[in-house]
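To start, the structure under review is shown below, and the notes come after it.
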Amino acid sequence: MTELLSLEAVSKNFDGVAAVVEVSLTVAAGASVALVGSGGAGKTTLLDLIAGALRPDQGHIRFDGREIAGLPPERVAALGIARAFDPPRPFPALSVEDNVVVGALLRERSLTEARRQALALLEPLGLAALRHRPAASLQPGERKRLDLARALATRPRLLLLDEILAEASPDEAAALAETLREFARRDGLTLLLAEHDRHTVAALAGRVLALEHGTLEPDPGAPAEAPP
Amino acid sequence: MMPKRQDLVRLIETAPGRLARSAADLWRDWVDATTWRGKTLGVLVLLALATLPAWGGTPLVAAMIAVLWLAYAGQAWNLLAGFAGLFSLGHALFIGIGAYLAAAFALHGGLGPWPGALLAVPAAALAGAGIGALGCRAGLKGVHFTLVTLILAEAVRLGALHLDGLGAAAGLALPHPATAGKPVAFYYAILILTGLALVVVRLLLRSRLGYRWLALREDPGAAAASGIDPYRARVAAATISAALAAPAGVFLALYLRHVDAEQTLSLSRSLGPVLGAALGGIGTLVGPVLGAFVVVPADQALTWLIGRSHHDLSALKPLAAGLALVLVAVAAPGGLWPGLARRLGLLKPPPDQRGDAA
Amino acid sequence: MSLAFYLNIVMSGLLTGLVYGLAALGLSLIFTVTRIVNFAHGGLMAFGLWGAAALAARHGADPLLAMPVVAAGLFLGGFLLHRLLLGRVAAAPEHLRTLTTLGLALILSAGLAALPATAPPGAAVAAAASPTGDGLTFGPFLFDRIELRAALMAGIVTALLVLFFNLGRTGKAIRACADNPFGARLVGLNLERLQAATFGLGAAIAGIAGCLLAQSDSVRPHSASDFLALGLIVALVGGLGSVEGALLGGVAVGVAESLGGALLAPPLKDLAGYAVVLLVLVLRPQGLLGHSE
């Protein structure tokens, strides 16, 4: 197995409150791993640390063998880690299409090419009909999918998803899960999902890790990790 | 950090083509976005502006030169503030670089002001890059940039005030060019410059850089997560905005035939474009132009009023400007343009609400 | 020139610097708690200056007596201003807050221009101040009595503020607002009122600093924008949001100005402060004692 992401004893405190405590984990290339925990367990903080939005107080974060702890978010994105936020953060005044174009511009030099790729991403996520609408006018579910489309446009190798399936109806969640699986298969994408409900991610994750109060608990009940 | 040399060369080579395309795009944007009423008004305004010297008297031409100058300067400032989200209170510095370079070359060297005019853009660009680099460092708040612009502009003003080489307090007087007493030439020059500014701004907004700026303005965190380097994008914005502002200074020097620290580099010189763009609408293309059409006549009306009165009413100008700024910030943060466009029915609603197919 | 000469130059700069520090303190305070850069700060200082000068000219009163009056008036004015106006833009994008205080600065400068003109403050102050002569010798130092008194007042006011923020209940509440607005509200603190009070306090400090600057004839900034530039320079040198930084910045700028004026040429005195801030911006952008995010 090739290790794509590894965390070693990563800790983060906020004013004396321990948000993440000595978390160590590895994610294999091509795998789909879920981090499950209740609100406040530290899932988003962990994603923030990996994505460079926060700097760990202790520990190492390695991506593809390279130390990335403390790198600014734009460097981390350039290296191939993208994220979808919770709550979603599309650029409000930009149109749906333009939002995704911004993501595509990380890898594309040509604006025309970036637009073409953006449109190609909007289709499978059901946003093509809304492409001229300003992102601020979208429904919450649509905003989440837009957030995801923008992240996918950066052609990442590792995709960090924060509560991507939460608040979706079972049908929507199933469709989204299928789309994600398809992207992962097609592009060799590695997924790290943060969710608060284990059952929601069951269809998608090959491996489930439980996070509680900033600490990772070993999960004996989870299946051995295997790429989807 | 600097753009690659071959990129710059390619940029310059393709510039005329891009500008022409951008002008065509601008035209198409306008056609698509405006209602019949908007189109009619636009055409009338353009016709009036194009033919002004033919039917307007000299005072009107002079007034319109002032309006168009502020519209131009406002566009340069607005690019930085409205699109890249960097609020500059020191644009007088970039304008001043243009003005002083033109003046210096006009007075020495025997080649007239034109070498200075050519040098003004790269010189101002350098200053913009420097100020951007100083003001946008990682880990500092956005307002830091604003403070840096304010302080550096003031520092240069004081320097110019004390340095005899730059004319000290009295300033520099340019020799009379052939265009003395012919405001018409200046009028068309500034009209063309303002049109060019609109084309250039639109070009930038639709470019890769423009997308990055808008993303940065909307949500710097999400922009960074999408791979946008905030520092580089901001420095680029400051550089370009400064480069755009320099010709305004060159124009000023040639038109007024006089540059001095108080007039060219003062805080009020910096505040002019700010007031115009804020009133018209920061972050819109039309905003600075509309704002100029409000600010300049108001300023001239106040000047007339102050001149006529027996009392010293000179405080009316800062009072009016201050009230305008506060009112805009509190009551109409988007400026006058959106409300006006809506009220007069000048713009069509955005595409998705029209019932057009996507 | 002798060592004593230089020592006195530096000391003079230090004393003026303490007043500069006070001015920057007000600015820093407002920024830390309300997240607003108060561009009207210079105008408020100029108002304090006018108040002191007017009192000295009209009633021959010691400008120090103007301080409480000016402070009280500006506190009230600042409080109301924030409550009624600035509070509305507190949550708005930063540039709107800038526009608002900028507009207020302009309105203030218009107001100042409309005030009855007073004689140059320095002369009036010297006339009203201690009649027993203005020199005080202490070792190699020859103190200007007026300068010394102003610096002392600045020091006392600063010390009182430090005590207020560390020991006083309201002071601690204000600090809580700055550190953690959400948490402060949860605990039941009236955020709006505390922020308005802080703004008023900052305005009062500006006025006091203005009064104190009226004491010295050698202080050249008399216009609102000069005062603003000074306050911003000192705040940037020391680091926005740091009390010690404001004082350190003030002293640094004061000494630089003093030395610059003596060693180079008096008109270049102004530029010395700018040179210091430029150096700081390049070498340590967050300010000498400031923090970066």
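No value in this document is a laboratory result; all are computed from the given coordinates. It should be emphasised that the depicted structure is a prediction, and the values quoted were computed from it without experimental measurement. With ideal geometry, Cβ positions are generated from the backbone for all residues, glycine too; neighbour counts draw on all protein chains shown.
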Over chain A, with a Gaussian network built from C-alpha contacts below 10 Å, which listed residue (A:SER32, A:SER110, A:SER11) shows the highest mean-square fluctuation? A:SER110
Averaging over all projection directions, find the projected area of the Cα convex hull of chain B and quote it in nm² with one decimal place. 20.6
Where the centroid of each part is defined by its Cα atoms, how far is region B:222-276 from region C:143-184 in Å? 38
Using alpha-carbon positions, what is the distance between the centroids of region B:297-329 and region C:1-59, in Å? 30
Rounded FRET efficiency, nearest 0.05, which uses the C-beta distance separating A:HIS199 from A:ALA120 and R0 of 25 Å: 0.20
Per the rule of 0.36 nm per residue minus the C-alpha distance, extending B:ALA298 to B:LEU205 adds in nm 30.4 nm
If amide hydrogens are placed 1.01 Å from N in the peptide plane, which non-local residues have theirs closer than 5 Å to the one on B:LEU174? B:HIS258, B:VAL259
Taking the Cα centre of region C:3-220 as the origin and placing charges on Cβ (Lys, Arg +1; Asp, Glu -1), which of C:ALA151, C:PRO93, C:VAL70 is farthest toward the positive end of the dipole? C:PRO93
Where does the Debye-calculated log10 I(q)/I(0) of chain A sit at q = 0.08, 0.14, 0.15 Å⁻¹, using only Cα point scatterers of equal weight, no solvent? -0.27, -0.85, -0.98
Whole-Å distance linking the alpha carbon centroid of region B:129-150 with that of region C:234-276 is 20
Kindly put C:CYS211, C:CYS177 in sequence by how many other C-beta atoms sit within 10 Å of each C-beta, fewest to most. C:CYS177, C:CYS211
Point-to-point label distance, A:ASP57-C:LEU84, nm (Cα→Cβ direction, 7 Å offset): 4.7
Report the label-to-label distance for A:GLU178 and B:ARG10 in nanometres (one decimal), using points 7 Å from each Cα along the Cα→Cβ vector. 4.2
Label-point separation, C:ASN190 to B:LEU46 (7 Å along Cα→Cβ), nm: 5.8
Which aspartates and glutamates does C:LYS172 reach when only Cα atoms under 18 Å apart count, and residues fewer than 8 places away in its own chain are ignored? A:ASP15, C:GLU192, C:GLU244
A:GLU167 label point, 7 Å along Cα→Cβ, cut-off 17 Å on backbone N: hits in region A:141-156? A:141-150
May I ask you to compute the full-extension gain from B:LEU327 to B:ILE192, defined as 0.36 nm times their residue separation minus their alpha-carbon distance, rounded to one decimal in nm? 45.4 nm
As an exercise, use a Förster radius of 22 Å and the Cβ-Cβ distance of C:LEU7 and C:HIS291 to find the FRET efficiency, rounded to the nearest 0.05. 0.05
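Only counting other Cβ atoms within 10 Å, I'd like C:VAL89, C:VAL37, B:VAL250 sorted with the fewest neighbours first.
Listed from fewest to most nearby Cβ atoms, that is C:VAL89, C:VAL37, B:VAL250.
Given a Förster distance of 56 angstrom, what is the FRET efficiency for A:SER24 paired with C:ALA72, based on the Cβ-Cβ distance and rounded to 0.05?
The formula returns an efficiency of 0.40 here.
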Comparing B:TRP69, B:TRP213, B:TRP304, which has the greatest mean-square fluctuation in the GNM of chain B with Cα pairs linked when under 10 Å apart? B:TRP304
Grab the DSSP H runs of the protein assembly as shown that are 4 residues or longer, score each as -39,500 (n - 2.57), total them, divide by all residues and round the 222 nm result to the nearest 500 deg cm²/dmol. -20500 deg cm²/dmol
Residue separation times 0.36 nm, minus the C-alpha to C-alpha distance between B:LEU107 and B:ALA173: what's the value? 22.9 nm
Select from B:GLY116, B:GLY42, B:GLY85 the residue whose mean-square fluctuation is largest in a Gaussian network model of chain B (Cα-Cα springs shorter than 10 Å). B:GLY42
From the alpha carbon gyration tensor of region A:91-155, can you work out the equivalent ellipsoid semi-axes (sqrt of 5 times each eigenvalue) and give them in Å, largest to smallest? 18, 11, 10
Apply the Kirkwood formula to region B:23-98: the hydrodynamic radius equals the inverse of the mean of 1/r over all pairs of different alpha-carbon atoms; give it in Å with one decimal. 15.1
What is the projected area of the convex hull of the Cα atoms of region A:97-228, averaged over all directions, in nm²? 8.8
Tabulate in residue order the Karplus-calculated ³J(HN,Hα) for region B:151-161, using 6.51 cos²θ - 1.76 cosθ + 1.60 with θ = phi - 60°, rounded to whole Hz; enter x for Gly and Pro. 5, 5, 4, 5, 4, 5, 4, 4, x, 5, 5
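Normalise the Cα radius of gyration of region C:3-220 by 2.2 N^0.38 Å (N = residues in it) and let me know the number.
1.09
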Taking other Cβ within 10 Å of each residue's Cβ, how do A:VAL21, C:VAL70, C:VAL255 sort, fewest first? A:VAL21, C:VAL255, C:VAL70
Residue by residue through region C:86-96, the couplings from Karplus 6.51 cos²θ - 1.76 cosθ + 1.60 with θ = phi - 60°, in Hz, x for Gly and Pro, are 5, x, 5, 9, 4, 9, 6, x, 3, 5, 6
Partners for B:LYS348 among lysines (Cα-Cα distance below 24 Å; same-chain residues under 8 apart left out): B:LYS39
Counting only residues 5 or more apart in sequence or on a different chain, those whose built amide H sits under 5 Å from that of A:LEU35 are A:LEU193, A:ALA194, A:GLU195, A:LEU209
Using only the Cα atoms, what convex hull volume per residue in Å³ does the protein assembly as shown have? 192
